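Participant: Shown below is the structure under consideration.
Bear in mind that the values in this text are calculations on the coordinates, not laboratory data. Note that the coordinates shown come from a computational prediction; the quantities given were computed from them, not determined experimentally. As a convention, Cβ positions derive from the backbone with ideal geometry for all residues, glycine included, and neighbour counts pool all protein chains shown.
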Amino acid sequence: MNAIASEIVRDTGAVSAADLAKGGHFSGTIGDITTPNPRMVCREVNVWYGDKHAIKDVSLDIGNHQVVAMIGPSGCGKSTFLRCLNRMNDTIDGCRVRGSITLDGQEIYDKGLDPVPLRAQVGMVFQKPNPFPKSIYENVAYGARIHGLTNSKAELDALVETSLRKAGLWNEVKDRLDQPGTGLSGGQQQRLCIARTIAVSPEVILMDEPCSALDPIATAIIEELIDELREQYSIAIVTHSMQQAARVSQRTAYFHLGDLVEVGETTQVFTNPRHKLTEDYITGRFG
């Protein structure tokens with residue numbers, strides 16, 4: 001990371017983090033918020049928790065077969081924005097979301113849209129692995145049963161195996177599918193949760209710090225898996241690890257105090273950031 005940071009261009013002429021924290025003016029996102037043929041399109045998204053304005057006019061595309069990493073200091077709004085993408089914020093009292101978010105051209109906040117099938121299309125993998133208190137098999141099969149995705153036991157068996165294979169877990173658990181998912185190691189539990197997400201045929205996978213509770217070996221396995229999954233899915237990941245963002249993503253979005261400060265190709269953001277706030281964060285001056 002130091003080698004990357006040492007290449008950063010100085011003096012972007014942007015407002016400093018300290019000035020912005022004191023009420024300085026934020027002039028808008030730097031970089032191209034769009035991607036060709038995006039899976040999701042977010043425009044002027046705002047989120048309030050009561051009177052707190054947590055997300056401010058954020059616009060960003062989620063690209064096809066691409067990983068976008070969302071980085072920034074704690075409390076900057078990146079996880080809040082991520083949860084907007086499958087309406088998880090609907091479950092929080094006092095939370096209001098305004099703006100437009102579309103999935104394949106469909107407005108996901110349309111009053112007539114049921115958020116339950118949406119959360120199958122846009123799956124979420126959480127910070128802490130959260131397998132159901134069921135067998136490994138039932139963890140993966142649960143969503144398919146709920147959504148009626150299979151017509152027979154043989155189809156369900158095949159779906160469970162395929163999902164576990166995609167999550168890189170099949171060879172480790174194929175002889176103990178009837179054992180509790182909670183009995184797996186932390187890294188295996190997280191891959192089980194990924195298999196559970198994959199099983200309902202999502203288009204987008206959201207990951208909120210999926211490796212923060214894992215050891216380095218398990219983290220490396222998950223990161224390799226993310227790279228493989230992007231061939232079939234669109235992925236948005238929130239991470240506090242800039243090294244992880246650099247390893248797994250093609251685009252990086254830097255958030256600060258509810259604003260999307262800068263977005264661009266990951267290599268460009270880390271080696272030649274265009275906003276001083278981004279530079280200050282990447283070089284460790286704050287955050």
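Participant: Just to confirm the number: angle between the C-alpha axis of helix 186-198 and the first principal axis of the chain, 0 to 90 degrees, nearest 10?
Facilitator: On a 0 to 90 degree scale, this one is about 80.
Participant: Taking each pair of distinct Cα atoms in the range 30-173 once, what is the resulting Kirkwood hydrodynamic radius in Å?
Facilitator: 17.4
Participant: Moving to a separate point now. Efficiency by 1/(1 + (r/R0)^6): what FRET value for residue 44 and residue 227, r their Cβ-Cβ distance, R0 = 45 Å, to the nearest 0.05?
Facilitator: 0.90
Participant: On to the next question. Would you kindly state how much longer the chain becomes between residue 201 and residue 64 on full extension, computed as 0.36 nm times their sequence separation minus their alpha carbon distance, in nm to one decimal?
Facilitator: 47.8 nm
Participant: To the nearest 20 debye, what charge dipole does the chain have about its Cα centre, counting +1 at the Cβ of each Lys and Arg and -1 at the Cβ of each Asp and Glu?
Facilitator: Its charge dipole is roughly 440 debye.
Participant: Right, next: Take the chain, connect every pair of alpha-carbon atoms lying under 10 Å apart with a spring to form a Gaussian network, then pick out the residue of 273, 133, 38 with the largest mean-square fluctuation.
Facilitator: 133
Participant: Convex hull over the Cα atoms of the range 158-203, averaged projected area in nm²?
Facilitator: The Cα convex hull of the range 158-203, projected and averaged over all directions, gives 3.1 nm².
Participant: For residue 174, go through the lysines and keep the ones whose alpha-carbon is under 29 Å away, minus same-chain ones fewer than eight residues off.
Facilitator: 128, 134, 153, 166
Participant: Hey, what number do you get for the chain at 222 nm if only DSSP H runs of n ≥ 4 count, each worth -39500 (n - 2.57), divided across all residues, to the nearest 500?
Facilitator: -9500 deg cm²/dmol
Participant: Which whole-number percentage describes the relative contact order of the chain, with Cα contacts under 8 Å and a sequence gap of 6 or more?
Facilitator: The value is 31 percent.
Participant: Report which label in (1) 1.65; (2) 0.97; (3) 1.03 holds the value of Cα Rg over 2.2 N^0.38 Å derived from the coordinates of this structure.
Facilitator: Computed from these coordinates, Cα Rg over 2.2 N^0.38 Å corresponds to label (3).
Participant: Which whole-number percent gives the relative contact order of the range 210-287, counting Cα pairs below 8 Å spaced six or more residues apart?
Facilitator: Reported as a whole number, the value is 18 percent.
Participant: Estimate the FRET efficiency between residue 171 and residue 90 by the formula 1/(1 + (r/R0)^6), using the beta-carbon distance for r and 51 Å for R0, to the nearest 0.05.
Facilitator: E(calc), rounded to 0.05, equals 0.85.
Participant: Let me ask you something else. Could you give the nm distance between label points at residue 53 and residue 104, where each point is 7 Å from its Cα heading toward the beta carbon?
Facilitator: A separation of 3.6 nm, rounded to one decimal place.
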